[in-house]
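J.: Dropping a structure here in structure tokens format, bear with me for questions.
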Amino acid sequence: MSTITPKSLTQAGDERRSRSFELPQLLQARTGKMTRELLLNPGDHGLGMTPESLQAESTTVAACGYCATGCGLRLHVRDGQAVGLTPETEYPVNLGMACPKGWEALEVLAADDRATHPLLRDADGEMKRVDWDTALTTFTERFKAIQSRYGNDSVAFLSTGQIPCEEMAFLGALAKFGMGMLHGDGNTRQCMATAVTAYKESFGFDSPPYTYDDFQQSDCMVFVGANPCIGHPIMWERVLRNPNSPEIIVLDPRRTETAMAASQHLQLRPKHDLAILYAITQHLIASDRIDHEFVAAHTTGFETLAEHVAEFTPDVVGPAAGITADAIRRAAESIGQADAASLWWTMGVNQSYQGTRTAQAMINIALITGNIGRPGTGANSITGQCNAMGSRLWSNTTNLFGHHKFESAEDRQRVARILGIDVDRIPDQGSWSYDRIVEGIRRDEIKGLWVIATNPAHSWIHQGDFKELLDKLDFLVVQDMYASTETARHADLLLPAAGWGEKEGTFINSERRYGLLKKVRKAPGEALADFQIFRAIAAYWGVESMFADWTHPEAVFEKMQAASEGRPCDISGIEGYRQIDQSGGIQWPWTRGDAASNDVPPQQRRLFADGTFYHSDGKARLIVDAVAAMPEPPDADYPILLMSGRGTVSQWHTQTRTSKSKVLRKLYPERPYVEIHPTDASLIGVRNGDTVSVRSRRGEVFVTAMVTPTVQRNQAFIPMHYDVTNQLTLSHFDPHSRQPSYKDCAVAIRKV
């Protein structure tokens with residue numbers, strides 16, 4: 001037992017006094033590790049001053065993984081890990097610019113709801129952690145059991161536009177050639193199927209003709225159902241750099257940010273865009289604003305086109321569409337008089353029950369005025385997802401690998417030879433479309449579903465119905481980087497995947513540019529790159545030998561090059577990932593012949609400069625059709641037409657990633673909202689900020705009222721990013737592309 005003495009008390013007091021002197025020094029230390037980390041230094045690789053802990057040892061450039069603009073981001077690397085990023089000033093896409101999503105691309109990788117281990121639902125319905133061996137064994141045994149009992153066409157996959165081309169190629173080959181699946185589609189069906197169908201029918205191949213330099217070369221630009229100021233802000237910045245003071249014409253029911261900046265805003269009634277485009281075409285023909293030489297040499301169907309649009313005069317169409325006939329004539333004259341006119345569209349057209357014909361109406365205008373193949377021209381679809389075009393070419397869904405045809409014996413033989421597989425493993429028919437796969441679940445035809453890097457329980461039309469169908473499946477596998485998505489919550493098995501920045505491969509942006517994705521972070525926990533998950537599944541399924549040389553993404557890229565050779569999308573001349581990296585991306589086509597005559601691929605290349613298209617006769621098709629009635633127009637019970645679309649520049653799709661950033665969350669309203677015209681709000685006693693009920697024939701949601709004149713009377717708008725939006729939408733589709741029409745359904749709104 002110790003004894004307390006006067007001396008020990010004195011020592012204790014001295015120690016307390018000493019610590020009391022040290023405490024302020026600790027709190028306000030002038031030296032030490034933490035203090036040095038907070039010290040700002042000139043940023044060699046960043047903007048302004050950089051904390052020492054974020055000082056980079058090197059940098060590398062990679063394509064952004066959000067939208068299909070495909071910006072180049074300069075990643076700041078320290079100890080083999082990316083610690084920061086800035087926009088790449090020399091990259092030909094963004095020229096040193098980046099939107100808020102790009103700036104926050106690394107931040108969202110560190111979210112606390114990352115999927116870090118395989119999870120399997122137990123007998124009590126709880127998701128429990130399992131090892132990879134258990135996960136892969138369960139995956140294999142349960143899918144094989146379903147196929148054994150119900151046939152190969154009883155299982156399907158739903159893919160994405162968010163993973164690299166090489167992973168899409170691996171998934172499609174594994175599912176269809178290795179596992180024997182017949183049906184698989186991608187969420188590209190939700191954003192770009194209409195543009196794909198329009199291009200294939202009109203040009204003979206899915207071929208957006210433009211390059212981003214055209215934003216700065218046009219003297220007349222027409223945006224239909226597109227709000228690039230919000231949806232694709234870097235593209236809009238390119239428009240703002242246009243030195244020609246271009247005439248900007250916007251067709252949109254809302255007074256969007258892009259419409260506010262336009263010189264002509266045709267604020268039409270929803271779903272009258274096709275009729276207005278036919279009226280513009282009629283006026284161009286009637287006033288002889290036609291390039292007759294180009295039309296005769298390079299198109300077919302002009303007489304039918306002229307006959308079809310003859311009844312769509314501005315005087316007839318204008319009043320029905322809610323605009324003046326003079327507004328239509330002025331827009332037509334602006335296009336007809338321009339030296340270089342370009343027409344641009346995105347989801348406002350694609351996500352429509354008559355979207356394919358609307359896109360082709362723009363293609364027709366570009367063709368008959370000779371506005372294609374030259375700088376500043378074109379009928380140009382702006383792609384949504386970062387790699388939607390990669391999905392279109394390489395996912396093996398509706399098209400065979402490399403945009404070949406499943407139905408062609410010659411194409412099947414060629415692909416089998418390139419991939420070194422038995423041709424009998426390649427189906428002789430294409431897949432069901434996304435909506436047909438969903439209907440297959442309803443009819444008990446699809447019993448097992450594999451969902452990769454997409455969130456259809458949020459994004460698919462008529463959401464409540466779709467969620468019920470997911471729970472009807474015998475087995476649902478979700479492969480995602482987050483365990484918290486609406487779709488992951490329904491999964492029987494969750495496979496944790498790496499995200500952007502944690503793996504490598506290529507993306508293809510809107511202007512057909514292959515950009516490089518790089519691994520600059522380690523995926524958390526036991527999460528693996530989708531590529532490695534596919535390799536593991538191949539081994540457990542028993543088809544490892546079929547994919548023996550699919551060892552790494554660039555090995556698959558070489559197979560893609562071989563499959564592309566001689567096709568419109570030929571990339572056989574690219575000298576691997578190294579050249580893509582050095583060149584700031586490379587647009588397709590880049591053939592062996594191109595490479596032989598050019599040491600460096602030119603940065604800006606557009607299609608059809610020689611007027612030759614991809615149909616067998618080399619000519620483009622001018623295609624027209626009847627204008628269809630709206631499937632669910634407003635009525636006495638549901639008097640408001642609801643539209644949906646992009647909300648703010650800081651939101652992206654289902655917010656799976658953007659919601660993980662504190663910065664991005666501050667840049668958009670946290671609570672879902674509906675835009676209502678002031679007169680409509682007054683009639684139901686609603687003020688700005690009130691909670692309102694929005695009810696359709698499919699569901700009811702409660703959101704905040706935003707009273708604004710940017711929408712017209714008897715119309716409303718809810719951003720697509722909130723999980724409530726698709727509880728209201730109507731399941732109807734473009735008959736040609738099978739793309740959902742998200743932008744029109746009848747609702748009733750009341751104050752709560």
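J.: Relative to the present Cα-Cα distance, how much length would full extension add between Ala562 and Ala629 at 0.36 nm per residue of separation?
T.: Value of the extension gain: 19.6 nm.
J.: Write down the radius of gyration of the chain and its Dmax, each obtained from C-alpha positions, in Å.
T.: In order Rg, Dmax, the Cα atoms of the chain give 27.9, 114 Å.
J.: Further question: Under 19 Å from a point placed 7 Å out from the Cα of Ser263 along the Cα-to-Cβ direction: which residues of segment 191-218 have their backbone N that close?
T.: Only 214-218 pass the distance filter.
J.: Along the charge dipole of segment 609-656, pointing to its positive end and built from +1/-1 on Cβ of Lys, Arg, Asp and Glu, which listed residue (Gly645, Ala629, Ala609) has its Cα farthest out?
T.: Result: Ala609.
J.: When Lys and Arg each count +1 and Asp and Glu each count -1, what net charge do the other residues less than 13 Å away from Trp652, Cβ to Cβ, add up to?
T.: Every neighbour counted, the sum reads +4.
J.: Could you give me the ³J(HN,Hα) list for segment 239-253, computed from phi with Karplus coefficients 6.51, -1.76, 1.60 and θ = phi - 60°, whole Hz, x at Gly and Pro?
T.: My calculation for segment 239-253 gives 4, 5, 8, 5, x, 8, 6, x, 6, 10, 10, 10, 9, 7, x Hz in order.
J.: At each listed q (0.12, 0.22 Å⁻¹), what is the log10 of I(q)/I(0) that the Debye formula gives for segment 502-635 modelled as equal alpha-carbon point scatterers?
T.: The computed values of log10 I(q)/I(0) come out as -0.69, -1.36.
J.: Which order do the peptides 459-467, 273-281 come out in when sorted by mean C-beta neighbours inside 10 angstrom, highest first?
T.: Those peptides, ordered most packed to least, come out 273-281, 459-467.
J.: Quick one: compute the contact order of segment 147-295, relative version, from alpha carbon pairs under 8 angstrom and 6+ residues apart, as a percent.
T.: Once divided by the residue count of segment 147-295, the mean separation gives 14 percent.
J.: Next question. Straight-line reach from Lys660: which aspartates and glutamates have Cα under 13 Å away, leaving out those fewer than 8 places along the same chain?
T.: The qualifying aspartates and glutamates are Glu104, Glu107, Asp112, Asp113, Glu670.
J.: So, one more: Given the protein chains as shown and a 1.4 Å probe, how many square angstrom of Phe702 are accessible, to the nearest 10?
T.: Accessible surface of Phe702 is approximately 100 Å².
J.: When you count, for each residue, the other Cβ atoms within 10 Å and take the mean per peptide, how do 89-99, 678-688 rank with the highest first?
T.: Listed from highest to lowest mean packing, they are 89-99, 678-688.
J.: Here is a follow-up. Given charges of +1 on the Cβ of Lys and Arg and -1 on the Cβ of Asp and Glu, with all other atoms neutral, how large is the dipole of the chain about its Cα centre, in debye to the nearest 20?
T.: Charge dipole of the chain: 1840 debye, to the nearest 20.
J.: Now for a different question. Ordering Val239, Val130 from largest to smallest accessible area (1.4 angstrom probe), what's the sequence?
T.: Order by accessible area, largest first: Val130, Val239.
J.: Next question, about the same structure. By how many nm would the segment from Glu700 to Glu293 grow when fully extended, if each residue of separation counts as 0.36 nm and the alpha-carbon distance is taken off?
T.: 141.0 nm
J.: Could you list, bin by bin from short to long, the percent of Cα-Cα pairs of segment 565-659 in 5 Å steps?
T.: Bin by bin from 0 Å, the calculated values are 2, 9, 12, 11, 7, 10, 13, 13, 9, 6, 4, 2, 1, 0.
J.: Fully extended, how many nm does the chain gain between Glu526 and Leu683 (0.36 nm per residue separation, minus their Cα-Cα distance)?
T.: Extra length available between Glu526 and Leu683 comes to 50.9 nm.
J.: Compute the label zone of Asp599 within segment 557-586: residues whose backbone N is under 16 Å from the point 7 Å along Cα-to-Cβ.
T.: Counting backbone N atoms under 16 Å from the label point, the list is 575, 579, 582-583.
J.: At 7 Å along Cα-to-Cβ for each site, give me the label-to-label distance between Lys144 and Asp723 in nm.
T.: Label at Lys144, label at Asp723, 3.6 nm between them.
J.: Rounded to the nearest whole Å², what accessible area per residue is found for the chain with the 1.4 Å probe?
T.: Accessible area per residue, the chain: 38 Å².
J.: Whole number please: convex hull volume per residue, Cα atoms of segment 113-243, in Å³.
T.: Considering the Cα atoms of segment 113-243, their hull volume per residue is 199 Å³.
J.: Shifting gears a bit: Report, in whole Å, the centroid distance computed from the Cα atoms of segment 473-506 and segment 574-593.
T.: Using only Cα atoms, the two centres lie 31 Å from each other.
J.: Moving on to the next point. Relative contact order of segment 525-587, please, whole-number percent, based on alpha carbon pairs below 8 angstrom and at least 6 residues apart.
T.: Averaging sequence separation for qualifying contacts and normalising by length gives 18 percent for segment 525-587.
J.: Roll a 1.4 angstrom probe over the protein heavy atoms and tell me the percent of accessible area of the chain that is carbon or sulfur.
T.: Its accessible area is 49 percent carbon and sulfur atoms.
J.: Provide the packing ranking of 565-576, 396-407, i.e. peptides ordered by the mean count of other C-beta atoms within 10 Å per residue, highest first.
T.: Taking the mean over residues of other Cβ atoms within 10 Å, the ranking is 396-407, 565-576.
J.: Which entries in Lys467/Lys743; Lys176/Lys559; Lys200/Lys467; Lys144/Lys472 show an alpha-carbon gap greater than 22 Å?
T.: Violating the 22 Å Cα-Cα cut-off are Lys200/Lys467.
J.: With axes computed from alpha carbons, what is the tilt in degrees of helix 409-419 against the longest principal axis of the chain, rounded to the nearest 10 within 0 to 90?
T.: Compared with the principal axis, the helix lies near 20 degrees.
J.: Can you check what the net charge comes to around Ser334, using other residues whose Cβ is under 13 Å from the Cβ of Ser334 (Lys, Arg +1; Asp, Glu -1)?
T.: With Lys, Arg at +1 and Asp, Glu at -1, the net is -2.
J.: So, one more: Rounded to whole Hz and in sequence order, give me ³J(HN,Hα) for segment 429-445 from the Karplus expression 6.51 cos²θ - 1.76 cosθ + 1.60, θ = phi - 60°, writing x for Gly and Pro.
T.: With coefficients 6.51, -1.76 and 1.60, one gets 9, x, 7, 4, 6, 3, 5, 6, 4, 4, 5, x, 5, 4, 8, 6, 8 Hz.
J.: Still on this structure, I have one more. Only loop residues by DSSP count here, and only those with at most 13 other Cβ atoms within 10 Å; note down the GluC sites (Glu not before Pro) in segment 285-360 that meet that.
T.: Qualifying residues, ordered by number: Glu311.
J.: Given contacts defined as C-alpha pairs under 8 Å and at least six residues apart, what's the relative contact order of the chain, whole-number percent?
T.: 18
J.: Considering amide H positions built from the backbone, and no H for Pro or chain starts, which residues 5 or more places from Leu400, or on another chain, come under 5 Å of its amide H?
T.: Counting only residues 5 or more places away or on other chains, the set is Lys405, Phe406.
J.: Compute the long axis of helix 325-337 from its Cα atoms, compare it with the longest principal axis of the Cα atoms of the chain, and write down the angle in degrees, 0 to 90, nearest 10.
T.: With rounding to tens, the tilt is 80 degrees.
J.: Same structure again: Taking the chain as the reference, fit the longest principal axis to its C-alpha atoms, fit the long axis of helix 553-564 to the helix C-alpha atoms, and give the angle between the two in degrees, 0 to 90, nearest 10.
T.: 10
J.: When the C-alpha atoms of segment 470-529 are aligned to their principal axes, what extent does each axis show, in angstrom, from largest down?
T.: Over segment 470-529, Cα extents along the principal axes are 41, 30, 16 Å.
J.: If you put +1 on each Lys and Arg Cβ and -1 on each Asp and Glu Cβ, how big is the dipole of segment 675-745 around its Cα centre, in Debye rounded to 20?
T.: Dipole size: approximately 140 debye.
The values are calculated or read from the model by the stated rules, or taken from the named source; none is laboratory data. Treat the numbers as computed from the prediction; the structure is a model and nothing was measured. Neighbour counts are summed over all protein chains in view; Cβ atoms, including those assigned to glycine, are modelled from backbone coordinates with ideal geometry. Protein only, heavy atoms only, side chains kept; ligands, DNA and RNA dropped before computing areas. Shrake-Rupley method; radii C 1.70, N 1.55, O 1.52, S 1.80 Å.
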